[in-house]
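Student: Sharing a structure below in structure tokens format, with a few things to ask.
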Amino acid sequence: MTPTHFTISSAFLLGLMGLAFHRTHLLSALLCLEAMMLALFIALSLWSLQLDATGYSTAPMLMLAFSACEASAGLALLVATARTHGTDHLQNLNLLQC
Amino acid sequence: MAYIMLTLLIGMVLGVISVASNPSPYFAALGLVLVAGVGCGVLMGHGGSFLSLVLFLIYLGGMLVVFAYCAALAAEPYPEAWGEWSVLGSVLGYLLLVFGGVSWFWGGWYEGAWVPVDELIEFSVVAADSGGVALMYSLGGGLLVVSAWVLLLTLLVVLELTRGLARGA
């Protein structure tokens, strides 16, 4: 495992741990998801760049498009939650059992 | 180049730690901007200048939107930076985990492992990554249609989720 591989894997795992443990805001959870998608993007790009696989560099672009879809759906859920429940605290969502 | 790459990789891990340690969303978005900038540097060092440009533009726009959402929906009277004890505790915990991983893999690393590979060896007119992305418009047309359809579907999903009060979520 080279240092670059270690950095990307630890970035993904740290984002996953930050998503899984103690979140206060729903927006913070979405930001952790964004960090995980960023680590995946860099991993895919570095894979195609280091192996000189030219045709594979479309894959990170398509993944970035899907990541934009995920982020916009998450932000729309955030807006809907803030409108129906008044706040975006995850503790509030737990208490209201929604 | 090896030291520049080492600094960029350390900055990437530190940025993800600053996002994952549960500060206020303002500071988490700032940390994600740091990760995106440093990731651009890593891709530039490996010769992927077009992918780096796309990443920088997309994440700058995305983080602008997230800053707006922070100010509108998740504002706090006393935002928590990384100096608060709860945040600092998780920062130190994650740093300890990363140091454990580094010391586990330390024996397998050598000096040349930091040096990134060069770009294509032959002389070519287009860079490797922009040529590969251009392939999306010829051979990867099906995937292009699929992602355009997914983006359209996401637009409809967002419109339906935010349509009226007491709907959604």
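The values are calculated or read from the model by the stated rules, or taken from the named source; none is laboratory data. This is a predicted model, so every value here is computed, not measured. Note that each Cβ is placed from the backbone with ideal geometry, even for glycine, and that neighbours are counted across all protein chains shown.
Student: Which one is farthest from residue B:65 (Cα to Cα) among residues in region A:69-92 that are assigned to a loop (DSSP other than H, G, I, E, B) and more than 7 Å from chain B (Cβ to nearest Cβ)?
Tutor: By that ranking, first place goes to A:86.
Student: Ok, one more. Do you know which residues across region A:15-34 are under 11 Å from the mean Cα position of the chain (by Cα) and either at the interface with chain B (Cβ under 7 Å from one of its Cβ atoms) or closer than 18 Å to residue B:10 by Cα (or both)?
Tutor: Within region A:15-34, A:15, A:18, A:28, A:31, A:32, A:34 qualify.
Student: Give the residues of region B:36-48 that are within 10 Å of chain A (Cβ to nearest Cβ) and touching a residue at least 24 places away in the same chain (Cβ under 8 Å), sorted by residue number. Lay out the reasoning, then the answer.
Tutor: Taking region B:36-48 first, the residues within 10 Å of chain A (Cβ to nearest Cβ) are B:36, B:38-40, B:42-43, B:45-48.
Result: B:36, B:38, B:39, B:42, B:45, B:46, B:47, B:48.
Student: If you take the residues of region A:57-84 that are under 14 Å from residue B:144 (Cα atoms) and over 18 Å from the mean Cα position of the chain (by Cα), which of them is surrounded by the most Cβ atoms within 10 Å (Cβ to Cβ)?
Tutor: A:57
Student: Would you confirm, using the coordinates I've provided, whether residue A:39 is out of contact with any Leu (no Cβ under 6 Å at 6 or more places or on another chain) and either under 24 Å from residue B:13 (Cβ atoms) or part of a helix (DSSP H, G or I) (or both)?
Tutor: Spelling it out, residue A:39 is indeed out of contact with any Leu (no Cβ under 6 Å at 6 or more places or on another chain) and either under 24 Å from residue B:13 (Cβ atoms) or part of a helix (DSSP H, G or I) (or both).
Condition check ((1) of a type in the set (Val, Ile, Thr); (2) facing another protein chain (nearest Cβ under 10 Å); (3) more than 11 Å from the chain's Cα centre (by Cα)) across all residues:
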position: B:16; (1), (2), (3): yes, yes, no
position: B:59; (1), (2), (3): no, yes, no
position: B:69; (1), (2), (3): no, yes, yes
position: B:101; (1), (2), (3): no, yes, yes
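Student: Pick out, from region B:41-137, the helices (runs of 4 or more DSSP H) lying fully within it that include 2 or more residues that are within 22 Å of residue B:8 (Cα to Cα) and at pLDDT 85 or above.
Tutor: Details: elements: B:49-73, B:85-105, B:128-134.
So the answer is B:49-73, B:85-105.
Student: Identify, by number, the condition in (1) at the interface with chain B (Cβ under 7 Å from one of its Cβ atoms); (2) within 17 Å of residue B:23 (Cβ to Cβ); (3) hydrophobic (A, V, I, L, M, F, W, C) that residue A:65 doesn't meet.
Tutor: In the conditions (1) at the interface with chain B (Cβ under 7 Å from one of its Cβ atoms); (2) within 17 Å of residue B:23 (Cβ to Cβ); (3) hydrophobic (A, V, I, L, M, F, W, C), residue A:65 misses (2) alone.
Student: Of everything in region A:41-56 that's more than 7 Å from chain B (Cβ to nearest Cβ) and modelled with pLDDT under 90, which residue is nearest to the chain's Cα centre (by Cα)?
Tutor: The selected residue is A:47.
Student: Residues in region B:56-78: is at least one in contact with a strand residue (DSSP E or B) (Cβ under 8 Å, 6 or more places away or on another chain), over 30 Å from residue B:132 (Cα atoms) and crowded, with 20+ Cβ neighbours inside 10 Å? Working first, answer last.
Tutor: At the first step, the residues of region B:56-78 found to be in contact with a strand residue (DSSP E or B) (Cβ under 8 Å, 6 or more places away or on another chain) are B:74.
After this cut, where a residue has to be over 30 Å from residue B:132 (Cα atoms) as well, the list is B:74.
From what is left, the residues that are crowded, with 20+ Cβ neighbours inside 10 Å are B:74.
Checked region B:56-78: at least one residue is in contact with a strand residue (DSSP E or B) (Cβ under 8 Å, 6 or more places away or on another chain), over 30 Å from residue B:132 (Cα atoms) and crowded, with 20+ Cβ neighbours inside 10 Å.
Student: Another question, then. Determine which member of the set B:87, B:16 is out of contact with any helix residue (DSSP H, G or I) (no Cβ under 6 Å at 6 or more places or on another chain) and either crowded, with 17+ Cβ neighbours inside 10 Å or on the phi > 0 side of the Ramachandran plot (or both).
Tutor: B:87
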